[in-house]
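FYI, it's all coordinate maths here, none of it is from the lab. Just so you know, these numbers come straight off a predicted model, no measurement behind them. Backbone-built Cβ (ideal geometry, glycine too); neighbour counts: all protein chains shown.
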Amino acid sequence: MSNFSIDALQHKINTKTKPLGSLGILEKLALQIGTVQQTLLPQVVQPHIVVFAADHGIAAAGLVNPFPQAVTAQMVYNFCAGGAAINAFCKVNDCSLTVVDCGVKTVFDTSLPITHSKIAMGTANYLEGKAMSEPQVQQAMQIGVQAVEQAYQKGTNVIGFGEMGIGNTSAASLLMSAILGLPVQDCVGRGTGVNDSQLTTKLATLEKVYQLHQLSLPSAQPLALLQAVGGFEIAAMVGAFLHAYKLQMVFLVDGFIATSAYLIAQLIEPAIVANAVFAHCSQEQGHTTMLHHLHATPLLQLQMRLGEGTGAAMAIPILRAACSFVNEMASFESAGVSTGT
């Protein structure tokens with residue numbers, strides 16, 4: 001909108017029939033959405049969630065995950081059948097869903113209603129070497145770019161990202177440890193529900209990985225970190241965040257794993273923070289620390305730790321409400337309400 005200015009949008013928000021600041025985070029969110037969209041009439045149009053699915057080489061050994069690796073593929077089928085939490089939440093919140101196979105260790109029939117973008121049958125085992133080659137990192141990021149582009153071309157202006165990949169909380173923990181400079185033990189949680197002895201094994205395994213790759217953040221080389229211990233679905237989210245920013249879309253950051261991808265993306269392009277809405281605070285150990293590091297205030301505290309983009313889907317109605325009050329509430333002047341003194 002040609003007459004857009006942040007000051008004009010802030011004035012519009014401030015002069016609604018309410019005490020100044022009384023809608024709290026909704027006011028900040030409305031200002032953010034309008035600023036990203038460069039309009040005094042912010043909107044949530046055709047919100048969309050993309051779930052990137054891929055397997056991790058480390059998961060085959062069962063050292064870091066209580067569920068078998070086969071669950072990744074089984075859940076992709078569940079998404080397609082409409083039986084997962086993300087299906088339910090997208091449905092109730094009038095949000096469309098795309099599932100992308102970036103590297104699930106299963107040969108899917110081409111008729112399956114997913115985006116078939118398989119790079120390999122899962123990443124390599126990062127206990128033995130790098131998880132991905134350099135070209136694979138670029139390929140995975142491009143898958144994220146394409147997913148965002150497709151949604152954008154269909155009219156979406158708000159997009160969220162989720163993931164499915166047995167073992168991916170371990171990759172996220174390693175990325176967090178390296179980027180935040182924290183001990184691995186402070187970053188490793190129970191993931192999909194490991195018991196105490198499994199947690200001990202998981203931690204010992206990831207400590208070995210950390211030492212093997214000498215994980216620390218080389219200056220301006222976040223992609224090297226991703227290559228060492230990341231996953232195809234995490235790299236795809238990195239590409240997706242960056243492209244959503246490029247297209248001036250508002251994007252929702254889901255939980256622990258999505259935030260690890262966001263950490264990488266923000267190292268590549270710090271300005272993406274302007275478009276980022278942090279959907280919720282996951283119960284996974286480490287997510288609160290990540291959010292604190294990013295100075296991010298999550299919209300929801302629902303004690304969730306499922307992944308799949310479920311937190312992002314649950315945040316959609318809040319974004320709609322933020323736009324709604326800006327567009328539909330009367331101002332003091334138009335309603336003839338006294339502003340007081």
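Dividing the helix sum by the residues of the chain, where each DSSP H run of 4 or more adds -39500 (n - 2.57), gives a mean residue ellipticity at 222 nm of -14500 deg cm²/dmol.
In terms of other Cβ atoms within 10 Å, Glu269, Glu163, Glu149 run from fewest to most in the order Glu269, Glu149, Glu163. For Gln38 and Ser338, a Förster radius of 41 Å and the Cβ-Cβ distance give a FRET efficiency of 0.80, rounded to the nearest 0.05. When the Cα positions of Ala330, His213, Thr297 are compared along the charge dipole of the chain, Ala330 comes out farthest toward the positive end, with charges on each C-beta of Lys, Arg, Asp and Glu. The charge dipole of the stretch 173-260, taken about its Cα centre with unit charges on the Cβ of Lys, Arg, Asp and Glu (plus for the first two, minus for the last two), comes to roughly 120 debye. Averaging the Cα positions of each part gives two centres, and for the stretch 134-195 and the stretch 27-78 these lie 8 Å apart.
Assuming charge only on the beta carbon of Lys and Arg (+1) and of Asp and Glu (-1), the dipole of the chain about its Cα centre is about 280 debye to the nearest 20. Separation of the alpha carbons by more than 32 angstrom is noted, of Lys28/Lys91; Lys12/Lys154; Lys28/Lys105, for Lys28/Lys105. A simple spin-label model places pseudo-atoms 7 Å from Cα toward Cβ; at Ala321 and Gln46 they are separated by 2.7 nm. Once both labels are positioned 7 Å from their Cα atoms along Cα-to-Cβ, the gap between Gln138 and Thr17 label points is 5.9 nm.
By the rule of a C-alpha distance below 15 Å, with chain neighbours fewer than 8 residues away ignored, the aspartates and glutamates paired with Lys118 are Asp55, Asp101, Asp109, Glu163, Glu233. Here's how it looks for Val51: its modeled amide H is under 5 Å from those of Thr98, Val99, Val100, Gly162, which are all 5 or more places away or on a different chain.
Exposed loop sites here are chymotrypsin sites (Phe, Trp or Tyr not before Pro) in DSSP loop states with at most 16 other C-beta atoms within 10 Å. What is the longest stretch of the chain lacking them? For chymotrypsin sites (Phe, Trp or Tyr not before Pro) (loop position, at most 16 other Cβ atoms within 10 Å), the longest site-free span of the chain is 109-341.
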